[in-house]
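First comes the structure, then the notes that go with it.
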Amino acid sequence: MKDRKVVCRCEDLTEEEIIHAIELGYDDLESLKRFTGATTGPCQGKGCLMHLLRILSQKTGKSVDEIGVTTQRQPVNPVPLYILAAAEKGDGE
Amino acid sequence: MTIKVAVIGGGVAGLSAAYFLAKNGAEVSVFEQKYLLYGASGRNSGGLTAQFRNEALIKLALRSLELYNTLQSEIGFNFLLRRDGYVKIANDEVANVLKDEVEIQKRAGVNVKIVDPDFVKSLFPDINENAFSIASYFADGGVVFPWPVVWGLAKGCKELGVKVYDYTPVSVEVKGNEVVGVRVDDELHRADYVINAAGAWSNEISRQAGVELNNKIFKEEICVTESLKPYLDPYILDVSTNVYISQSMRGEIVGGILGNETNNINVKSSLDFLTKYAKRVVELVPKLRGMSILRQWAGVYDLGRDGLPVIGPTKVKGFIQLNGFGRNGMSTAPAAGEALAEYILKGKSKILEYFKP
């Protein structure tokens, strides 16, 4: 158990699982995110994105700049439906 | 001689066509401008239905439902397909629209029926039966997870020898009145046929070939809540407010509002959408009011001029359209890809007569 390095707590992913996905060919950040589910859980990537970048960089030899980051999805923190429903208006788009 | 085909667009339409073409002996390459899943095939909610008003479209949908079943075992990839039904709910104002279309659907062989709110409550006990007055229920419909569909099709394609290029934008190359292939940077990739399966970008690709397409572009927004134990079985679309909800296999409540026509391609999310969506969802399923929205996004898709997909040959020899699916690409594109492969390799397809460019 002590070798089990958890990199994404929301989706319960270990470093080995991320590496496995990269080896299957999901070797760009957008595909890796979607295939593993990392960065799409309740933390929205706050806990795992840096690990994902590090592992991708180590495995592919690309720099973190080359890999880039995924789109940051709103909201920054989870917001309950009843609060959103009480809003009088949105952002007027 | 082997037929060479270049497919532009690595979504469910392009990959389905590539899969069936390769399976029947063609030499196929797929070119995706970004990553697989960048377009509408990676941004939709995965609802599968045949509750349409056009008989030919219904046929494509029914065949696609069959294909989802067979393809996932043929390819060996789990699409996370659930056929727990697709329900359209409505208030009195649009009740007749729903009744009319159910008659069309029944004639076309769809296992669909008009039901009352209590019936819907028996499918999903948490729904507020006072928030709508009538529904149409398609028992064979359901939800698929679009991501494994795209990955699975890509895997199936690759195993058949198809080259799938991601992050590879291309342009169409025409000589005289005939397509010669696609251009990748400075290199010409020769092909006998070029298939335009570029979704919201299809108008632009078509223009490169000198063919007017004029598909309409729509933008649609979606969001997901935190995960719940699976308990919402069917896909529910409220045709009165255009709000829809379903539950993913990961447990999130996935929902959105049907898209609006737009002039430009942008995938920005809005707070307007979230508040409008939240207001209707808490009416429809009051118990969800405490659930938090985790994430929202938007996608763009194209719809053919007559509200139908655009599939088949154009005035430029070898340049083939496979686009304009609107928000129903997941429901109809696998069968469209299969039919197009038949058309290209055998010279005819009965079903495609109805979707000629």
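The values are calculated or read from the model by the stated rules, or taken from the named source; none is laboratory data. Everything quoted here is computed from the prediction, not taken from an experiment. So basically every Cβ, Gly included, is an ideal-geometry build from the backbone, and we count neighbours across all protein chains shown. Ligands, DNA and RNA are excluded from the accessible area calculation, which covers all protein heavy atoms including side chains. Shrake-Rupley method; radii C 1.70, N 1.55, O 1.52, S 1.80 Å.
Per-structure values
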item	result
Exercise: per-residue mean of other protein chain Cβ atoms within 10 Å, A:22-29	2
Residues of the protein assembly as shown: accessible area per residue with a 1.4 Å probe, Å²	44 Å²
Other protein chain Cβ atoms within 10 Å, averaged over every residue that makes up B:273-283	5
Leading residue at positive end of dipole, the protein assembly as shown (Cβ point charges), from B:L160, B:S248, B:A336	B:L160
Unpartnered cysteines - no second Cys beta carbon under 4.7 Å - across the protein assembly as shown	A:C10, A:C43, B:C157, B:C223
Overall form of the protein assembly as shown per C-alpha gyration tensor (a/c, 1.5; a/b vs b/c)	oblate
Protein-only accessible surface order, largest first, of B:K34, B:K88, B:K276 at 1.4 Å	B:K276, B:K34, B:K88
Percent of beta bridges antiparallel (DSSP, the protein assembly as shown, rounded to nearest 5)	75 percent
19 Å Cα-Cα reach of B:K59 towards aspartates and glutamates, excluding residues that sit fewer than 8 places from it in its own chain	B:D100, B:E101, B:E103, B:D140, B:D306, B:E338, B:E342, B:E353
Selected from A:E16, A:E66, A:E30 as most flexible by GNM, with chain A as the system and alpha-carbon contacts under 10 Å	A:E66
Mean ellipticity per residue at 222 nm, deg cm²/dmol - from DSSP H runs of n ≥ 4 across chain B, formula -39500 (n - 2.57)	-9500 deg cm²/dmol
DSSP beta bridge pairing in the range B:1-140, given as percent antiparallel to the nearest 5	65 percent
Rounded percent of accessible protein surface that carbon and sulfur make up, the range B:74-186, 1.4 Å probe	46 percent
With DNA, RNA and ligands ignored, accessible area of B:I351 (1.4 Å probe; Å², nearest 10)	40 Å²
Only Lys, Arg (+1) and Asp, Glu (-1) charged, at Cβ; the range A:6-85 dipole about Cα centre in debye	320 debye
Pairwise centroid distance, computed over Cα atoms, of the range B:152-228 with the range A:1-70, Å	28 Å
Summed buried accessible surface, chains B and A, 1.4 Å probe, nearest 100 Å²	2700 Å²
Estimated inter-spin distance, B:K356 and B:K106, nm [label 7 Å along Cα→Cβ]	3.3 nm
Residues of type lysines that B:K268 reaches as a straight line, Cα spacing below 28 Å, ignoring anything fewer than 8 places off in the same chain	A:K33, A:K46, A:K89, B:K34, B:K88, B:K216, B:K219, B:K276, B:K279
18 Å Cα-Cα reach of B:K23 towards lysines, excluding residues that sit fewer than 8 places from it in its own chain	B:K4, B:K155, B:K158, B:K163, B:K346, B:K348
Mean separation of Cα contacts under 8 Å (6+ apart) over length of the range B:16-171, as relative contact order %	42 percent
Value at 222 nm in deg cm²/dmol, rounded to 500, when DSSP H runs of n ≥ 4 in chain A each add -39,500 (n - 2.57)	-10500 deg cm²/dmol
Residue order for B:M1, B:M249, A:M50, B:M330 - accessible surface, 1.4 angstrom probe, largest first	B:M1, A:M50, B:M249, B:M330
Nearest-0.05 FRET efficiency for A:K5 and B:T262, computed from C-beta distance (R0 45 Å)	0.50
Length-normalised contact order of the range A:6-85 in % [C-alpha pairs under 8 Å, at least 6 apart]	28 percent
Hypothetical label at A:K46: residues of the range A:1-38 whose amide nitrogen lies under 16 Å (7 Å Cα-Cβ projection)	A:8-11
Accessible area in the full protein assembly, largest first, 1.4 Å probe, for A:I83, A:I22	A:I83, A:I22
Modelled FRET efficiency - R0 51 Å, A:Y82 with B:D185, Cβ distances, 0.05 increments	0.45
GNM flexibility winner over chain B from B:Y86, B:Y235, B:Y165 (Cα, springs under 10 Å)	B:Y165
